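The values are calculated or read from the model by the stated rules, or taken from the named source; none is laboratory data. Everything numeric here is computed off the predicted structure, so don't read it as measured data. Here the Cβ is made from the backbone with ideal geometry for all residues, glycine too, and neighbour counts use every protein chain on show. In case anyone asks, the SASA skips ligands and DNA or RNA and just uses the protein heavy atoms, side chains included. Shrake-Rupley method; radii C 1.70, N 1.55, O 1.52, S 1.80 Å.
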Amino acid sequence: MASIKDVAAQAGVSVATVSRVLNSHPSVSPDARTRVRAAVDALGYRPNAVARSLRTDQTRTLGLVISDVLNPYFTELARFVEEEARALGYSVIIGNADERPELQDHHVRTLLDRRIDGLLVSPADGDSSLMADVARGGTPMVFVDRWMPGVDVPVVRADGRDAIRDLVAHLHALGHRRLAIIAGPAATTTGNERVEAFREALRAYELTLPDVHIGQGDFQADSGRRVTERFLALPEPPEVVFAADNLMALGALDAIRAAGLRVPQDIGLAAFDDIPWFVHTDPPITAIAQPTGELGRAAVRALVDIVEGRSPQSVTLPARLVVRRSCGEPAPDRRSNQ
């Protein structure tokens, strides 16, 4: 395993300069900082080991790396993480991975350099060697929402399988048979899990999910738009499109409207990850809601448990179906409220 002296030799600087870079000291020149970073990456050196050896007490700071700060779900999750951490006497530094694995790893390294006490991560990719190294190195870490198989850290997440079954049962009761899904990235656990849960739920009604009714998205609105355009061009378009996250659902809605079609008269739309403004679209969108606040708070409590020497368990919370009017549901009887 590489040592700090190996990094110094590779970068052509002193051990003291390497230490300053690893601890974000401002006195290091940009050129030296770049060379040290390159040496750290080339040698596979783990700066968090140095941070732990230099630590004399806790910083009372947690790191949070979220997949996409522009996604309202993750924005809300970050809010509850920060709120719970503050209540427990910790501050939070947030890094936005923008669904890019290389940016995710950059934020993880930066947070470790800052001597955080623990790390919360919603992985942007299912195969990061850095994340496995961090876990093996002993840094307190918890996965939230998404996780990485084979990395032995607690996971705090929602299980959407029952809610997806409820959605398919709801659509079947409305008379829909041709159902399609805009899936998330195959490299993420949530992307895979939601497709398989949807396929399994359809099977219970002896319905199939043909390949042409599966569109590969990336949890971004543009991908939802592109996939929906392809669905609409099929000889027999689906009767309902289920988007596996809220941004892809908004992209799907744009594509439907751009084609001059109406929701739900011409095609239905449902989404995973409910967001506040789904009630304000026309029509309001039927969605699966995750318990975002509970997830954020539980993730912080699990991480603080590790930091303070306790051994938390993984936490799985149920998601739920929120029925509105985007799949052909009858309008509510306003007379019942009078």
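Numbers below:
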item: Condition broken by GLU84, with the remaining ones in (1) crowded, with 18+ Cβ neighbours inside 10 Å; (2) touching a Leu at 6+ places or on another chain (Cβ under 6 Å) satisfied; result: (2)
item: Residue in the stretch 55-62 that is buried (at least 20 other Cβ atoms within 10 Å of the Cβ), of a type outside the set (S, T, N, Q), under 26 Å from ALA42 (Cβ atoms) and over 12 Å from the mean Cα position of the chain (by Cα) present; result: no
item: Matching residues in the stretch 140-180 - criterion: being in contact (Cβ under 8 Å) with a residue 40 or more places away in the chain, open to solvent by less than 10 Å² (accessible area, probe 1.4 Å) and under 21 Å from CYS327 (Cβ atoms); result: GLY160, ALA163, ILE164, LEU167, LEU171, LEU179, ALA180
item: Leading residue by the ranking (least open to solvent (accessible area, probe 1.4 Å)) among those in the stretch 187-237 that are basic (Lys, Arg) and more than 16 Å from ASP254 (Cβ to Cβ); result: ARG194
item: Whichever residue in the stretch 121-139 is in contact with a strand residue (DSSP E or B) (Cβ under 8 Å, 6 or more places away or on another chain) and not in a loop (DSSP other than H, G, I, E, B) and, among such residues, is most open to solvent (accessible area, probe 1.4 Å); result: ALA135
item: Selection from the stretch 87-108 of residues that are part of a helix (DSSP H, G or I) and surrounded by 20 or more Cβ atoms within 10 Å (Cβ to Cβ); result: GLN104, ASP105, HIS107, VAL108
item: Residue in the stretch 57-70 that is without any contact (Cβ under 8 Å) to a residue 24 or more places away in the chain, assigned to a loop (DSSP other than H, G, I, E, B) and among the charged types (D, E, K, R) present; result: yes
item: VAL50 vs. criteria open to solvent by less than 80 Å² (accessible area, probe 1.4 Å) and modelled with pLDDT of 80 or more; result: no
